[in-house]
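See structure below.
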Amino acid sequence: MSMSQTGHSTVDQSDDVPYRYTSEMAAEIEQRWQDHWEAEGTFHTPNPVGELADSSGEAGARKKYFLMDMFPYPSGAGLHVGHPLGYIATDATGRFRRMCGDNVLHALAYDAFGLPAEQYAVQTGQHPRKTTEENISNMKRQLRRLGLAHDPRRTFATIDPEYVRWTQWIFLRIFDSWYDPEADGGRGRARPITELVTRFESSERATPDGRPWAALDAVERRRIIDDHRLAYVSESPVNWCPGLGTVLANEEVTAEGRSERGNFPVFKRRLRQWMMRITAYADRLVDDLDRIDWPEKVKAMQRNWIGRSEGAAIRFATDVGELEVFTTRPDTLFGATFMVLAPEHPLVEALTTEAWPEGTRDAWTAGHTSPTEAVAQYRATAAAKTDIERQTEGRDKTGVFTGSFATNPATGARIPVFIADYVLMGYGTGAIMAVPGQDERDWEFAERFDLPIVRTVQPPADFDGKAYVGAGPAINSANDDISLDGMDVEPAKHAMISWLEEQGSGSGTVTYRLRDWLFSRQRYWGEPFPIVYDEHDLPIAIPARLLPVELPDVPDYSPKTYEPDAADTEPEPPLARVPEWVEVELDLGDGPKRYRRDTNTMPNWAGSCWYHLRYLDPFNDQQVVDPELERYWMGPQPDRQPNDPGGVDLYVGGVEHAVLHLLYARFWHKVLYDLDYVSSEEPYYRLFNQGYIQAYAYTDSRGQYVPAEEVEESVDGAETTYTYNNQPVRREYGKMGKSLKNVVTPDDMYAAYGADTFRVYEMSMGPLDVSRPWETRAVVGSLRFLQRLWRNVVDEHTGEVVVDDDDADITTKRVLHRTIDAVRTDMNGLRFNTAISRLIELNNHLTKLDRVPREAAEALVTMVAPVAPHIAEELWSRLGHGGSVAHVTFPEPDPALLVDETVTCVVQVGGKVRDRLEVPPSASDAELEELALASAAVQRALDGRAVRKVIVRAPKLVNIVPA
RNA sequence: GCCCCCGUAGCCCAAUCGGCAGAGGCGCCGGACUUAAAAUCCGUCCAGUGUGGGUUCGAGUCCCACCGGGGGCACCA
């Protein structure tokens with residue numbers, strides 16, 4: 001294959017520069033090299049073993065680098081210029097690591113199940129598989145033109161039957177597991193469910209009702225086992241979204257109680273659904289955040305979502321039994337002057353008395369003649385409120401007295417029990433001990449309902465607020481048995497917990513905000529559950545040999561949706577409408593029998609929970625991933641840190657998945673680790689959140705968006721005005737999108753500038769993690785850079801290579817090696833913007849020379865290669881090299897050339913620069929001080945004043961402090 | 001309301017440990033080339049770092065308060 005010279009059919013407007021690097025020439029070069037890479041398999045990444053091992057078989061000995069993008073969801077709208085930002089960054093990083101000698105694994109798969117794909121299909125009246133596949137091929141086309149160095153053999157889509165098979169297989173491993181909380185020294189570990197059966201059989205573990213295992217019939221046993229599975233069916237309150245026709249996970253519901261997708265109202269309904277026991281992993285999910293290299297912001301969001309809080313469970317005696325509360329402040333128990341239950345609390349009915357007891361204050365009754373009436377009324381009102389209403393109605397404390405009292409175990413006082421909607425059934429035990437002295441909400445409630453307030457922490461003398469939640473010594477906290485008085489908060493908590501444990505009225509405990517993951521959806525376009533039900537209506541796993549369970553073709557795959565606020569409707573899965581698929585005859589070991597399939601599908605998060613493993617071993621049909629491959633690519637790296645959890649070396653994506661995909665994927669990965677399918681404890685070791693590319697949009701006087709491309713800007717002094725068709729328009733800033741008429745696509749950029757220019761521009765706009773506005777007119781700067789680079793190597797008029805084979809001059813050598821050093825550092829830190837500015841600097845330096853030395857030109861070309869790979873290949877080839885620049889070693893700096901012969905030493909007087917000295921880098925403090933004091937400018941500045949002090953930071957600075 | 005991040009030139013952005021505010025790009029202006037324009041090339045201009053305090057010999061960088069922008073959480077006991 002001849003890659004060099006000639007063959008340019010490029011039409012250029014100006015005949016005198018036929019070999020100028022224009023967008024036309026870029027297009028020709030780029031597509032030619034893309035074809036070459038594909039044909040040659042330039043970016044095929046060898047595995048150490050197996051089908052994808054190379055002939056040398058030496059890959060396993062090489063250092064590896066596994067990097068990933070959050071894979072795309074192929075929408076019908078195609079890409080805009082914001083989408084490739086992360087892909088370009090990972091591509092440049094991968095190319096850089098490869099040139100540094102690493103075995104780089106980088107590929108791109110497609111996340112293709114899910115609601116938007118299904119909705120797009122419904123809109124266009126086509127099968128989701130068809131539209132999804134079309135969207136994928138369009139996206140592939142757009143991305144191929146970008147020149148990404150992916151291993152094309154390792155691509156796949158989550159909808160591929162071969163992929164679905166293993167998604168379902170992992171689901172069944174989770175289904176076939178339980179969590180043994182005592183394993184691994186109390187940290188807990190998922191174990192095969194058969195081990196649980198063995199423990200019941202051997203009576204090592206007691207059955208829930210105490211009967212011996214042998215005394216239970218088969219169905220009873222199955223029910224017990226099913227209750228312990230990590231994937232289980234439960235009838236519990238779930239998020240029902242009539243507008244979408246499906247239930248949703250907590251993570252998919254916004255704080256306003258609406259669906260994250262579509263923004264429809266969501267209602268709590270008790271429904272039978274699949275759940276994943278992610279709560280079993282709450283501690284490990286929190287603790288292991290300390291072992292991975294993620295942005296603190298994302299770690300904080302996960303910690304917050306999991307919401308671990310340590311405290312105590314305390315039992316208060318009442319006439320109808322014990323009432324348990326959770327508190328993080330057991331030290332304030334002496335200040336608990338009343339109790340509050342969520343209106344939905346199961347004990348409310350029993351606690352509600354017929355008549356108001358003696359001493360009931362007016363405020364407690366809400367004007368009702370009896371607690372029964374007051375409670376009934378309050379509960380009805382609370383039940384009718386949606387979450388949104390609770391939200392918008394502010395935080396005025398409401399509630400009523402139940403007529404009952406509880407006994408404070410510390411003070412022995414009888415304290416009134418209220419119900420109020422500021423206590424939530426979904427957290428803790430749904431009941432609190434109210435300590436108004438140390439809790440703002442309780443203080444408000446106490447004020448409103450005329451309840452006693454006892455401070456049990458001494459606020460500072462200057463504290464003039466109400467509830468005091470800060471640190472301080474305990475007060476008013478003693479009985480005959482125990483005194484906390486004088487103790488700080490932490491020791492007081494411990495003392496109280498010990499005392500409660502001795503008394504048998506409480507214990508230290510931990511609660512979490514995290515709930516189990518609701519895993520079933522009533523939609524068509526997702527993985528079917530590999531589950532059937534028998535005559536007892538209990539779930540049975542479909543054997544691995546029968547996987548994948550494929551989606552049936554259905555006449556109508558659109559889900560049954562309802563009016564968004566039709567809360568009392570029922571989900572109706574599309575798969576339930578295909579009786580011939582639902583009813584199935586199978587031989588599961590005891591002869592052919594009729595079964596009923598599960599008609600739910602998995603949420604689209606399922607596919608993204610394990611795709612990192614499929615990149616490693618994309619064709620494996622025997623196991624989810626070859627353990628040897630997983631160990632090589634993802635295994636723990638003890639040289640990185642002690643107790644390293646392993647995982648993908650670099651994972652780049654937006655921050656929007658902080659608690660959805662990233663939490664779910666960590667959970668699945670830990671289950672697979674517990675069951676010994678993987679050696680890594682975390683899926684993604686280093687996470688980087690890229691920023692977003694946003695864009696300006698313009699509205700006219702009617703508020704309508706006008707095409708941003710055609711808006712003209714004019715600057716008049718300090719005034720900047722924008723006009724469209726000579727009419728003034730108003731500028732806004734936001735996302736790029738059709739409705740805002742401000743979309744710029746990669747295709748536009750390829751046509752106008754070429755992929756390399758586009759890549760350079762995106763990488764040079766600013767730091768990767770910062771969002772910034774797109775500015776098409778600024779792209780030309782990147783084209784000019786590549787044009788100058790081209791001109792430094794190739795004569796624009798003749799096409800001849802013009803580099804000079806003699807050694808570079810010393811200045812050029814210094815500039816070159818400083819650039820190499822800086823670019824390496826910047827690339828390692830994903831600081832492409834500064835790396836590129838260094839390359840431009842070097843390039844500009846070379847431009848000023850009469851002839852460009854070959855050593856500088858070649859180093860520059862190789863350093864440009866990660867960001868602008870096509871032009872680099874072309875120039876590398878024209879410089880006379882065979883093979884791809886992608887595998888050339890990245891230049892190394894010569895340390896001798898990094899130190900200057902002289903440095904400028906700044907001389908300050910009183911912090912102001914007064915002189916500059918050219919000194920050798922080795923100049924000593926004493927020499928510098930002497931030189932500085934001898935300076936005429938310094939003496940002038942001192943103006944006769946004595947010198948109080950001289951600060952020397954050799955060799956760069958001397959500061960003379962006058963008296 | 002609480003927590004986190006960010007404010008440097010007309011614009012996008014640089015500035016190791018606190019040590020000369022400017023690397024790179026866009027734009028503007030001037031010049032070269034051109035019949036002209038575009039493209040290209042060369043050159044120039046532009047801020048004292050959101051505001052107010054503090055620490056320091058010295059602050060864009062550290063501390064405090066406030067203002068502006070972005071994000072997260074939000075009655076979680």
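The values are calculated or read from the model by the stated rules, or taken from the named source; none is laboratory data. Quantities reported herein were computed from a predicted structural model and do not represent experimental measurements. As a convention, Cβ positions derive from the backbone with ideal geometry for all residues, glycine included, and neighbour counts pool all protein chains shown. Quick note on the areas: whole protein, heavy atoms, side chains included, nothing else; ligands and nucleic acids left out. Shrake-Rupley method; radii C 1.70, N 1.55, O 1.52, S 1.80 Å.
Any idea how far apart A:A413 and A:A300 come out in nm if each label point goes 7 Å out from Cα toward Cβ?
Calculated label separation equals 3.8 nm.
Hey, got a sec? Which trypsin sites (Lys or Arg not before Pro) in region A:75-168 land in a DSSP loop and have at most 16 other Cβ atoms within 10 Å?
On the way: sites: A:R95, A:R97, A:R98, A:R129, A:K130, A:K140, A:R141, A:R144, A:R145, A:R153, A:R154, A:R165; in loops: A:R145.
Taking region A:75-168 and a limit of 16 other Cβ atoms within 10 Å, no loop trypsin sites (Lys or Arg not before Pro) are found.
Under 37 °C and 0.692 mPa s, how fast does region A:704-807 diffuse according to Stokes-Einstein, given a Kirkwood radius computed over C-alpha pairs? Answer in µm²/s, whole number. Walk me through the numbers before you get to the answer.
Values: Rh = 16.8 Å.
Estimated diffusion coefficient is 196 µm²/s.
At 0.36 nm per residue, and after removing the present C-alpha to C-alpha distance, how many nm does the segment from A:E550 to A:Y733 gain when stretched out fully? Write out the running numbers ahead of the final one.
Values: separation 183, 0.36 × 183 = 65.88 nm, distance 4.45 nm.
Roughly 61.4 nm would be gained on extension.
Given the convex hull of the Cα atoms of chain A, what is a quarter of its surface area in nm²?
54.7
Within region A:135-174, list the residues whose amide N lies under 19 Å from a label point set 7 Å along Cα→Cβ of A:T194.
A:169-174
Which is farthest toward the positive dipole end of region A:309-511 among A:A312, A:F326, A:T456, measuring Cα position about the Cα centre, with Cβ charges +1 (Lys, Arg) and -1 (Asp, Glu)?
It is A:F326, whose Cα lies furthest towards the positive end.
Can you tally the net charge around A:M863? Count Lys and Arg as +1, Asp and Glu as -1, for every other residue whose Cβ sits under 10 Å from the Cβ of A:M863.
Working: positive: A:R824, A:R838; negative: A:E858.
With Lys, Arg at +1 and Asp, Glu at -1, the neighbours total +1.
Give me the distance in nm between label points sitting 7 Å out from Cα along the Cα-to-Cβ direction at A:S309 and A:K63, one decimal.
4.6
Can you give the accessible area per residue of region A:413-515, in Å², using a 1.4 Å probe? Mind showing how you got there, number by number?
Values: 4990 Å² over 103 residues.
Roughly 48 Å² per residue, with all protein chains present.
With unit charges on the beta carbons (Lys and Arg positive, Asp and Glu negative) and the dipole taken about the Cα centre of region A:42-92, which residue among A:M68, A:S56, A:T45 sits farthest to the positive side?
Positive-most Cα among the choices belongs to A:M68.
Given A:V919, A:G465, A:H368, which one lies farthest toward the positive end of the charge dipole of chain A, if we put +1 on the Cβ of every Lys and Arg and -1 on the Cβ of every Asp and Glu?
Value computed over the given set: A:V919.
What FRET efficiency do you get for A:A471 and A:S507 if R0 is 22 Å and r is their Cβ-Cβ distance, rounded to the nearest 0.05? Intermediate results must be reported in sequence, preceding the final value.
Details: r = 24 Å, r/R0 = 1.10.
About 0.35, to the nearest 0.05.
Per 0.36 nm of contour for each residue apart, how much would the distance between A:V49 and A:S701 grow if the chain were fully extended, relative to their Cα-Cα spacing? The partial results should precede the final answer.
Numbers: separation 652, 0.36 × 652 = 234.72 nm, distance 6.53 nm.
Roughly 228.2 nm would be gained on extension.
If you roll a 1.4 Å probe over region A:644-753 with all protein chains in place, what percent of the accessible area is carbon or sulfur? Before the final figure, lay out each step's value.
Numbers: 2220 of 4880 Å².
Answer for region A:644-753: carbon and sulfur cover 46 percent of the accessible area.
Between region A:620-692 and region A:910-963, how many Å separate their Cα centres?
If we compute the Cα centre of each part, the gap is 55 Å.
For a Förster distance of 51 Å, can you work out the FRET efficiency between the beta-carbons of A:I951 and A:D480, rounded to the nearest 0.05?
Numbers: r = 66 Å, r/R0 = 1.30.
It comes to 0.15.
Quick one: pull the percent of accessible area on region A:903-962 belonging to carbon and sulfur, 1.4 Å probe, ligands and nucleic acids left out. Working shown, then result.
Values: 1770 of 3580 Å².
Summing carbon and sulfur atoms, their accessible area is 49 percent of the total for region A:903-962.
Would you mind finding the longest exposed-site-free stretch of chain A, with exposed chymotrypsin sites (Phe, Trp or Tyr not before Pro) meaning DSSP loop and at most 13 other Cβ atoms within 10 Å? Walk me through the numbers before you get to the answer.
Numbers: sites that count: A:F463, A:F619.
Segment A:1-462 is the longest.
If you stretched the chain out fully between A:D809 and A:D184, how much longer would it get, using 0.36 nm times the residue separation minus the C-alpha to C-alpha distance? Could you put the intermediate results ahead of the total?
Working: separation 625, 0.36 × 625 = 225.00 nm, distance 6.43 nm.
Separation in residues times 0.36 nm, less the Cα-Cα distance, equals 218.6 nm.
Could you tell me how many cubic angstrom of Cα convex hull volume region A:903-962 has per residue? Could the numbers behind the result be given before it?
Values: hull volume 3.7 nm³, N = 60.
About 61 Å³ per residue, rounded to a whole number.
Given +1 on the Cβ of Lys and Arg, -1 on the Cβ of Asp and Glu, and no further charges, what dipole in debye does chain A carry about its Cα centre, rounded to the nearest 20? List each step's numbers first, then the result.
On the way: 103 positive and 149 negative charges, 197 e Å.
I would put it at about 940 debye.
If you keep only loop residues by DSSP, which GluC sites (Glu not before Pro) in region A:94-169 have at most 10 other Cβ atoms within 10 Å of their Cβ?
none
Place a +1 charge on the Cβ of each Lys and Arg in region A:370-491 and a -1 charge on the Cβ of each Asp and Glu, then give the dipole magnitude about the Cα centre in debye, rounded to the nearest 20. Please report the intermediate quantities before stating the final value.
Numbers: 10 positive and 19 negative charges, 91 e Å.
Magnitude of the dipole: close to 440 debye.
Modelling each spin label as a point 7 Å along the Cα-to-Cβ direction, I'd like the A:D362/A:D590 distance in nm, to one decimal.
A separation of 7.0 nm, rounded to one decimal place.
For region A:673-779, state which GluC sites (Glu not before Pro) are in a DSSP loop and have at most 14 other beta carbons lying within 10 Å of their beta carbon.
On the way: sites: A:E681, A:E709, A:E710, A:E712, A:E713, A:E719, A:E732, A:E762, A:E775; in loops: A:E681, A:E775.
Loop-located and lightly packed - A:E775.
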